[in-house]
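Just below is one structure, and these are the notes that go with it.
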Amino acid sequence: MAEGSAAVPSTELLEWPKKDKRRMLHAVFRVGDLDRTIKFYTECFGMKLLRKRDIPEEKYSNAFLGFGPEESHFVFELTYNYGVTSYDIGTGFGHFAIATPDVYKMVEDIRAKGGDITREPGPVKGGTSVIAFVKDPDGYIFELIQRASTPEPLCQVMLRVGDLDRSVKFYEKALGMKLVKNVDRPEYKYSIAMMGYAEEHETTVLELTYNYGVTEYTKGNAYAQVAISTDDVYKSGEVVEHVIQELGGKVTRKPGPIPGINTKITSFLDPDGWKTVLVDNEDFLKELK
């Protein structure tokens with residue numbers, strides 16, 4: 001009887017993700033030419049190169065880019081693995097999104113620099129929001145969204161999922177995210193759920209997309225994960241384990257420090273196989289210094 005009781009998580013523990021101090025830190029993905037991608041993102045999108053590091057003993061290099069400092073903004077962590085020039089993006093990854101005051105001007109600038117415009121700027125079907133789509137040198141798709149102002153220009157990571165209700169529950173329970181927007185478009189046979197820690201115009205959100213009747217996607221080997229901050233990796237990891245038992249997924253790294261760096265993390269897959277890494281808040285800030 002005691003064992004059965006111990007397996008039941010407390011209400012306090014399950015409420016922890018909503019009380020925890022969390023924000024989306026960065027998205028990690030692989031590129032075939034680090035300097036080429038840095039050039040494209042800084043010149044075409046207006047991002048800043050925040051830091052760069054080379055790890056020859058592990059045969060890879062990293063670059064961090066974004067629209068503001070890592071202490072306060074969502075950024076990209078680009079990874080270049082020595083000798084690997086291309087990756088399979090798969091069918092599950094959708095796009096990243098950038099908010100800009102003038103989509104038309106950004107598209108002009110990107111076109112002038114040889115960028116690949118896959119959808120010309122203009123209003124969305126049945127709406128007034130002005131968007132465009134461009135493709136970077138590695139084949140990643142970027143949606144450009146016209147917004148007068150935003151505290152976080154790097155505003156979306158879009159992933160396709162096989163069961164939208166299940167995914168919404170997973171990110172609410174495991175990560176304390178809020179459903180900030182839900183749209184069903186039966187005429188185009190898809191639904192989306194925007195998940196985040198603040199309203200859509202205030203922060204970076206996960207845009208989860210369900211295409212009617214499609215339950216599985218290929219992940220490829222290009223997009224890796226998102227990282228999210230937490231005040232307690234161990235408590236957060238305990239919650240994740242309980243949610244995985246209920247909704248599916250897999251713990252890929254138990255909570256604890258990374259050897260040599262001592263930053264405490266835990267990582268896991270959601271029910272669709274998308275990876276999230278939870279990073280200790282204090283350790284992350286120390287690592288930046």
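The values are calculated or read from the model by the stated rules, or taken from the named source; none is laboratory data. These numbers were taken from a predicted model, which means no experiment stands behind them. Note: ideal-geometry Cβ built from the backbone for every residue, glycine included; neighbour counts use all protein chains shown. All accessible areas refer to the heavy atoms of the entire protein, side chains included, with ligands and DNA or RNA removed. Shrake-Rupley method; radii C 1.70, N 1.55, O 1.52, S 1.80 Å.
Antiparallel versus total DSSP beta bridges in region 12-288: what percent is that, nearest 5? The answer is about 75 percent antiparallel.
Each 5 Å bin from 0 upward holds the following percent of the Cα-Cα pairs of region 12-288: 1, 5, 12, 17, 19, 18, 14, 8, 4, 1, 0. Loop-located GluC sites (Glu not before Pro) across region 134-191 with a Cβ neighbour count of 13 or fewer within 10 Å are E187, with loop assigned by DSSP.
So, for region 1-159, what is the accessible surface per residue at a probe of 1.4 Å, expressed in square angstrom?
48 Å²
Quick one: helix 103-112 against the long Cα principal axis of the chain, what's the angle to the nearest 10°, folded into 0 to 90? The angle comes out near 70 degrees.
Here the Karplus curve 6.51 cos²θ - 1.76 cosθ + 1.60, taken at θ = phi - 60°, turns the phi angles of region 199-210 into couplings of 5, 3, 7, 9, 7, 8, 10, 8, 9, 8, 10, 10 Hz, with x standing for Gly and Pro. Per-residue Karplus couplings for region 54-59, computed as 6.51 cos²θ - 1.76 cosθ + 1.60 with θ equal to phi - 60°, are listed in order as 10, 10, x, 5, 9, 6 Hz, Gly and Pro entered as x. Treating each Cα of region 54-156 as one equal point scatterer and applying the Debye formula with no solvent, the log10 of I(q)/I(0) at q = 0.22 Å⁻¹ comes out as -1.28. In this structure, the amide hydrogen of C155, modeled 1.01 Å from its nitrogen in the peptide plane, lies closer than 5 angstrom to those of A97, I98, A99, counting only residues at least 5 positions away or on a different chain.
Charge dipole (Cα centre; +1 on Lys/Arg Cβ, -1 on Asp/Glu Cβ; no other charges) of region 12-288 amounts to roughly 240 debye. Counting only Cβ charges, +1 for Lys and Arg and -1 for Asp and Glu, the dipole size of region 136-183 around its Cα centre is about 300 debye.
Checking the cross-link filter: which lysines have an alpha carbon closer than 25 Å to that of K173, excluding same-chain neighbours under 8 positions apart? K173 reaches K18, K19, K21, K181, K219, K235, K250, K254, K264, K275. Measuring nothing but protein heavy atoms, the accessible surface of region 12-288 at 1.4 Å probe radius is 49 percent carbon and sulfur. Between amide H atoms placed 1.01 Å from N, distances below 5 Å from Y190 occur with R185, Y212, all of them 5 or more places distant or on a separate chain.
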